[in-house]
Amino acid sequence: MVGLIDLVQTLTTPHPLDRYLELVSPALTARELRAEVTHVSRTVPGSVTLTLRTSRRWRGHKAGQYIQIGVLIDGVRHVRCYSPIDPEGGSDRFLQLTVKAHPGGLVSNYLHDHAEPGMIVNLEPAGGVFALPAQRPAKVLLISGGSGITPVLSMLRTLDAEAYTGEVTFLHYARQPEMVPHRAELAAIANRRPNFRVEYRYPVEPGTVIDGETSPGSGFFDYDELERVAPWFADSQTFVCGPPPLMRAVRTIFEAEGLADRVHSEEFTLTTVPVDPAEATGTVTFSGSDVAAENNGSSLLEQAESAGLTPEYGCRMGICFSCTATKVSGCTRNLRTGELDADPDKQIQICVNTAVGDVDIAL
């Protein structure tokens, strides 16, 4: 079958076979993964849940993994990473994504405002190592905050579908009750599974005025909270996804307890090591485009865009590897870890690397 597709692909040159098939139906492809939006729900303020019908080439996902979807906005395809909320191992071709509209988020706001049944999006196979292990742990602690609920909800739904008999605690942080997506389903799972515990917290920032009084702050994750919701946490595997402060709080406690290897996390925001623009020196050369610019210390992706280039990218957070390019020469700094790399002719992610002195990128 693959050989036949290759033959037809040759005969349809210079255009890919999928360009002809989409004239028949936008969702019809031979090589590319696509999906059609079949249902849209906006019941939670600031979020939208999309039901997608995938093409036959879709091979599913592991609970917790993400997928890349490509959305056409004003004639330009933009790629972002979202985690399906479905349980893994489903036999049909449908999957659901809950997308929170973030301030300044081009794709998330577009989907929130404009997604409708019939919309076609591109897909990439599921990826990421944040997933339930094949051998399910004896006890599972799931912690999420805000839009980080999506991968851990997939984990919870998977354990529910498997009639998991171990201890499970699901702890979610949100600004207010109406901001929690799929709350009715979470309640239903907790009701039918006595070994599943679902808890919500709505943190109050210090200085917030409530009923005329200034609050010292409350509801944030700490050791006492951990003991309350999962006193068995030392014997569990913990999966956490949410805002950086929540992630740091969880890691700090588990590291102090000598349990760092029991925490698994996924981060959908880029936490960077600060770079002083005054220390940025040298010239960034994009030799594939015959373009050069003075290094300003920002990511190589941002510098390429500022120079008028339009490199391929996806998540902009170092997750999806869509923006890889060859560093011909020079030294780069990883914006997440601060590590330096001076090896020539090396593939790097330009969204999470910046130049240290003169750098040549084959872009």
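The values are calculated or read from the model by the stated rules, or taken from the named source; none is laboratory data. Quantities reported herein were computed from a predicted structural model and do not represent experimental measurements. Positions of Cβ are generated from backbone atoms using ideal geometry, with glycine treated the same way; all protein chains shown enter the neighbour counts. Remember, those area values only see protein heavy atoms, side chains included, never the ligands or the DNA or RNA. Shrake-Rupley method; radii C 1.70, N 1.55, O 1.52, S 1.80 Å.
Around Gln237, under 13 Å between beta carbons, what's the net of Lys plus Arg minus Asp minus Glu among the other residues? Here the charged neighbours net out to 0. Spacing of the modelled spin labels on Asn122 and Thr281, each 7 Å from Cα toward Cβ, amounts to 4.0 nm.
Per Stokes-Einstein, at 10 °C and 1.306 mPa s, what whole-number D in µm² s⁻¹ belongs to the chain, with the Kirkwood radius over Cα pairs as the hydrodynamic radius? Stokes-Einstein gives a translational diffusion coefficient of 70 µm²/s. The alpha-carbon atoms of the stretch 136-230 define a convex hull whose volume equals 109 cubic angstrom per residue.
Considering only alpha-carbon pairs that sit under 8 angstrom and 6 or more positions apart, the relative contact order computed for the stretch 69-174 is 31 percent. The separation of the stretch 205-248 from the stretch 333-363, counted between C-alpha centres, amounts to 36 Å.
By the rule of a C-alpha distance below 19 Å, with chain neighbours fewer than 8 residues away ignored, the lysines paired with Lys139 are Lys62.
For the stretch 319-363, a Kirkwood radius taken over Cα pairs fed into Stokes-Einstein (25 °C, viscosity 0.890 mPa s) yields D = 238 µm²/s.
Amide H contacts of Gly357 (H built 1.01 Å from N, in plane; Pro and chain starts excluded): Thr281 sit under 5 Å, all sequence-distant by 5 or more or on other chains.
Spin-label pair Ala292-Leu259: with each label point 7 Å from Cα along the Cα-Cβ axis, the two points sit 5.6 nm from one another. Extension gain, Met179 to Thr165, is 2.1 nm, computed as 0.36 nm per intervening residue step minus the present C-alpha separation. If I model the stretch 204-363 as equal point scatterers sitting on the Cα atoms and use the Debye formula, what is log10 I(q)/I(0) at q = 0.14 Å⁻¹? Values, matching the q order: -0.79. As a calculated quantity, the FRET efficiency between Ala307 and Arg57 at R0 = 45 Å, using C-beta atoms, amounts to about 0.75. Here the Karplus relation 6.51 cos²θ - 1.76 cosθ + 1.60, evaluated at θ = phi - 60°, turns the backbone of the stretch 67-75 into coupling constants of 10, 9, 10, x, 10, 8, 10, 6, x Hz, with x for every Gly and Pro. Carbon-plus-sulfur accessible fraction, the chain (probe radius 1.4 Å, protein heavy atoms only): 52%.
Membrane-span-like helices in the chain (whole DSSP H runs, Cα extent of at least 15 Å along the helix axis, mean Kyte-Doolittle hydropathy of at least 0.0): 149-161, 244-256.
Looking at the chain, the DSSP beta bridges with both ends there are about 65 percent antiparallel.
Residues of the stretch 119-135 falling in the label zone of Arg93, defined by backbone nitrogen less than 18 Å from a point 7 Å along Cα to beta-carbon, are 119-126. Summarising the strand pairing of the stretch 158-271, around 25 percent of its internal DSSP beta bridges are antiparallel. Per residue, the average separation of C-alpha pairs within less than 8 Å and at least 6 apart gives the stretch 138-266 a relative contact order of 29 percent.
Applying the Karplus relation 6.51 cos²θ - 1.76 cosθ + 1.60 with θ = phi - 60° to the stretch 235-242 yields 3J(HN,Hα) values of 9, 10, 9, 10, 10, 9, 8, x Hz, where x marks Gly and Pro.
Adding -39500 (n - 2.57) for every DSSP H run of four residues or longer, then dividing by how many residues the chain holds, sets the calculated 222 nm ellipticity at -6000 deg cm²/dmol.
Within the shell of other residues whose beta carbon sits under 12 angstrom from the beta carbon of Ser299, the net charge comes to +1, with Lys and Arg scored +1 and Asp and Glu -1. Put simply, the amide H of Arg197, placed in the peptide plane, has neighbours under 5 Å in Val168, Thr169, Phe170, leaving out anything fewer than 5 places away on its chain. FRET efficiency for the pair Arg251 and Asp341, taken as 1/(1 + (r/R0)^6) with r the Cβ-Cβ distance and R0 = 25 Å, rounds to 0.50.
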